[in-house]
Each structure stands twice: as structure tokens, then as C-alpha cells.
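J.: What follows is a structure written as C-alpha cells; I'll ask about it next.
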Amino acid sequence: MKIGIVTTWFERGAAYVSRQYKNLLEKHHEIYIYARGGESYAIGDSLWDGDFVTWGKKSIAPVPMAIDLDDFKRWIIDNRIETVFFNEQQWFEPVILCNHLGVITGSYIDYYTEETIPFFACYDFLICNTLRHYSAFEWHPQVFYVPWGTDVELFHPIIEPESKCSSIAFFHSCGLSPHRKGTDILIKAFSELKGPSRLILHSQINLKEYYPEIQSLIESLEQSNRLVCYHKTVPAPGLYHLGDVYVYPSRLDGIGLTIAEALSCGLPVITSDYPPMNEFINETNGKLIKISRLYARSDGYYWPQCLVEQEDLRECMQYYVNNRNEIMYFRQMARKYAETKLDWSKNEIGLSEIFKSAKKVPNEIKHDSENKIRIYEQNKSIEMQLYNKSPLLFKIFRQFWLSVINKK
């Protein structure tokens, strides 16, 4: 079968999800990647580029995950794609286009609001990698729960020859989203720890500029050699080997990719006691941080954000400092859990069959959801209304407006 995956395709968590699907499905199917335009490209990067990748033409549509529909249609026809699988597609017009072309459509579930959940009826099948996502989409006639996992061969323990029992290294990766991943709370909690410990942060942005209100605290911890910040892009398997314990006080996650990766690398995990994070962690492989409060996100994402208790986070970290002589045991338990529960090569059993057996839902049944989508898109904004009526007129308007802004 010829399967096309529509996705972000560069060094980013969402792309690693797609790559895991690709690596698995290409054992039995012919896989093509359509890298959405409007996001970063990794053209020429040996880790991401290849003959199977089409770098999508940039779209002028004023929506997240915009796709040039003509370019997208050519890709489907030229490659004779039979099934298109979407990763985090927030604009549904490309899905509707696939339906009208007679292509089977599927989606990996990540982003949705209360208003957009019914729109997913326009897909032929859905795959949920967490129980929380599955609970929101049980109503769909072809929804499947496939527990998330990771590449336990790529993400494996690397332990330095010398003993690390004298000091505990806490590791945290925040990528492009420090606020969502609770980096600020972690830095504050760590600064209150007692005993030999250090914090290693990996970020794709400058944390001092991102957090001006705690810049002095960051600098103070760096000067005392308690904090090391790596501000760069690092391909998998990343920098997990630098730590003993992974700390992830996330405010909100779709899956929590780094939790599975850290466990696979043999790091016990301290994370928020809230789904989906607590679907992976228990007392045998880490610590769960008490939640202080839940609150809505400004964009209306279906699930609330959680805020961990800073004091409880500190206590969870303090536990590992106080019991640092047992860190090798804790690490072994983390790896054992990953090998048993998070081996993607085992968790994916049947995934290929899902793609093979997914049935095409008649367009008449999808008609209602498609109408709701179009009304939603038309009502979203003046820009979107203008684009829907005339993409050419919108392009002229946009070029004029940009020229006005540039003159200021």
C-alpha cells in the first residue's frame, strides 16, 4: 500500500512521532512524507531529507498547519497515494480534499478543542496513543488505541564508568516550549535543594532571554556550577546520558515523548500527576508531583493545563538526592519498565494491519461534519472569510498589508 504522511518534518517532537510511524509502516508499505509548508524545512539534512520527502509549497492561508491545496493534490496524484495519515492537522480542508479524491484518511490524535472534536468524523480512522485521547474519541467508528512507545535500541542507557553516587544529576529537556514543560518551576524548585546535585537543561531557545524574571537566579546557579544550560539542537538520542533522573513538571502534553525516551535511557522520571504523564509513571520508575491547580489554555485546547506544587517537586527531587546511593537500582527499574511497556516494536503490533484494514467511510456520512468545518472556518476570522471567498484577493490584501507594516 502507498501511504502518505502529512507532518512537520524537522528536529521537533511532532516530527519524531511521524518518523516512528514511518519507520514502522515502511516494513510493509511504501511511505511518502509531505512536509507541510509554512514550517521549518530540513532540506539537505541527512537525518530528515530523502527521495521519499516532498517539501510542501508554502501556503498563504491564515491558519495553523496551512497547506497549498494544489501542490498537495499533485503530490497525492503523482505518487498514487492510497492512504493519507495526518499528524496534528488543525486545518481540515486538506482532509476534505482527500475524501473527495477517494483517498482513505487517518489521523494521529493530538490537538483538538471541544468545538473541533466532531470535525474528526471527516477522517476514516483515528489512532490514539494515550488513554486520555482515546476517551475523547471513543465515539468514532474506526478509532484505535495504540499505546505509545519508543525505540528502546536507539534510546538506551549510557552510564559513565565512574560512580555517580556522590552527586545526582537532574536532566530536563524543554525544546522550544519551556513554559509548557514547566522549566521555570523546575529551576526555582532546584534552587532550594539541599545536598550534592546539579541540574542540566537542554533547550532550543535562550532561557535567560525567555525568562527575564529569573535570569539572575539562572546566572547564580551557573556561577556556582550547579546549573548547566545547553542551548542547541541535538538529534536523537539526545543528552539523556548526562543525567541520572529526568525531571518534567509539564503543564500540558499530548503524549510526553521525552518521558518514554528518558525511561528507555534508564532515567527514573519525576513528572506531573496528571494525564497523560501519569499514564507512564508510578512508584517503581519515578515520582509524581502533586497538582496545585488546573486551568484552561487561551486557545481553547480540550484538556486543561496543570500547575504542579513547587514544594512537592522539590521534595520529589530531594528524595533522589537523599537516596543517591541507590541511583543504579532506580535506573535499572526505569529501563526494565521501558523494555516491558514502552518498546515501540512490540506496541505497534497490529498497527500495520490497522492501515491495511481501515475502511473508507462514504462521503455522504461525512457530509455533515464537512459542512460544520466550513462554517467554523468561515466564522473564525475576517482573514479566513476573505481567503475562503477569494485566495487571490486575500493574497493581494496580505501583500499590501505587509508593505504598510514594513514602511513603519
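J.: Kindly write out, for segment 279-290 in residue order, the coupling ³J(HN,Hα) from the Karplus curve 6.51 cos²θ - 1.76 cosθ + 1.60 (θ = phi - 60°), rounded to whole Hz, with x marking Gly and Pro.
T.: With coefficients 6.51, -1.76 and 1.60, one gets 6, 9, 10, 9, 5, 7, 10, x, 9, 9, 8, 4 Hz.
J.: Right, another one. Figure the gain on full extension for residue 23 and residue 220 (residue separation times 0.36 nm, minus the Cα-Cα span) and round it to one decimal in nm.
T.: 66.5 nm
J.: At most 16 other Cβ atoms within 10 Å and a DSSP loop assignment: could you name the GluC sites (Glu not before Pro) in segment 121-213 that fit?
T.: Sites meeting the loop and neighbour criteria: 138, 153, 162, 192.
J.: Another one. When the accessible area of the chain is computed with all protein chains present and a 1.4 Å probe, what percentage of it is carbon and sulfur?
T.: 51
J.: List, in order, the whole-Hz ³J(HN,Hα) value for each residue of segment 190-205 obtained from phi through the Karplus relation with A = 6.51, B = -1.76, C = 1.60 and θ = phi - 60°; use x for Gly and Pro.
T.: 4, 4, 9, 5, 10, x, x, 7, 9, 10, 10, 10, 10, 9, 9, 9
J.: Counting other Cβ atoms within 10 Å, keep those with at most 14, restrict to DSSP loop, and tell me which GluC sites (Glu not before Pro) in segment 1-108 are left.
T.: Sites meeting the loop and neighbour criteria: 26.
J.: Which angle from 0 to 90°, rounded to the nearest 10, does the C-alpha axis of helix 327-341 make with the longest principal axis of the chain?
T.: The angle comes out at about 30 degrees.
J.: With springs only between Cα atoms under 10 Å, which of 300, 102, 44 fluctuates most in a Gaussian network model of the chain?
T.: 44
J.: Would you mind checking the radius of gyration and Dmax of the chain based on alpha-carbon positions, in Å?
T.: My reading of the Cα-based Rg and Dmax gives 22.6, 68 Å.
J.: Here is a follow-up. Give me, ordered by chain and number, the residues 5 or more places off residue 5 or on other chains with an amide H under 5 Å from its own placed amide H.
T.: So residue 5 has HN proximity to 32, 33, 34, 85.
J.: Run the quick spin-label model on residue 364 and residue 69: label points 7 Å from Cα toward the beta carbon, then report their separation in nm to one decimal.
T.: With each label point 7 Å from Cα toward Cβ, the separation is 2.4 nm.
J.: Right, next: Quick one: helix 13-25 against the long Cα principal axis of the chain, what's the angle to the nearest 10°, folded into 0 to 90?
T.: 70
J.: Still on this structure, I have one more. With angles folded into 0 to 90 degrees, how steeply does helix 310-322 sit against the dominant principal axis of the chain? Use alpha carbons for both and round to 10.
T.: It is inclined by approximately 50 degrees.
J.: Give the residue list of chymotrypsin sites (Phe, Trp or Tyr not before Pro) in segment 84-142 that are DSSP loop and have at most 12 other beta-carbon atoms within 10 angstrom.
T.: 139
J.: Based solely on its DSSP helices, what 222 nm [θ] is calculated for the chain when runs of n ≥ 4 H residues each add -39,500 (n - 2.57) and the sum is averaged over all residues, nearest 500 deg cm²/dmol?
T.: -10500 deg cm²/dmol
J.: Okay, moving on. Per residue of segment 84-101, in order, report the coupling 6.51 cos²θ - 1.76 cosθ + 1.60 (Karplus, θ = phi - 60°) as ³J(HN,Hα) in whole Hz, putting x for Gly and Pro.
T.: Couplings: 10, 10, 9, 10, 6, 7, 8, 10, 8, 4, x, 5, 4, 4, 4, 4, 6, 8 Hz.
J.: For 264, 216, 224, give the ranking by accessible area with the largest first, probe 1.4 Å.
T.: Listed by decreasing accessible area, they come as 216, 224, 264.
The values are calculated or read from the model by the stated rules, or taken from the named source; none is laboratory data. Predicted, not measured: the structure shown is a model, and the values here were computed from it. So basically every Cβ, Gly included, is an ideal-geometry build from the backbone, and we count neighbours across all protein chains shown. Calculation scope for accessible area: heavy atoms of the full protein, side chains included, ligands and nucleic acids excluded. Shrake-Rupley method; radii C 1.70, N 1.55, O 1.52, S 1.80 Å.
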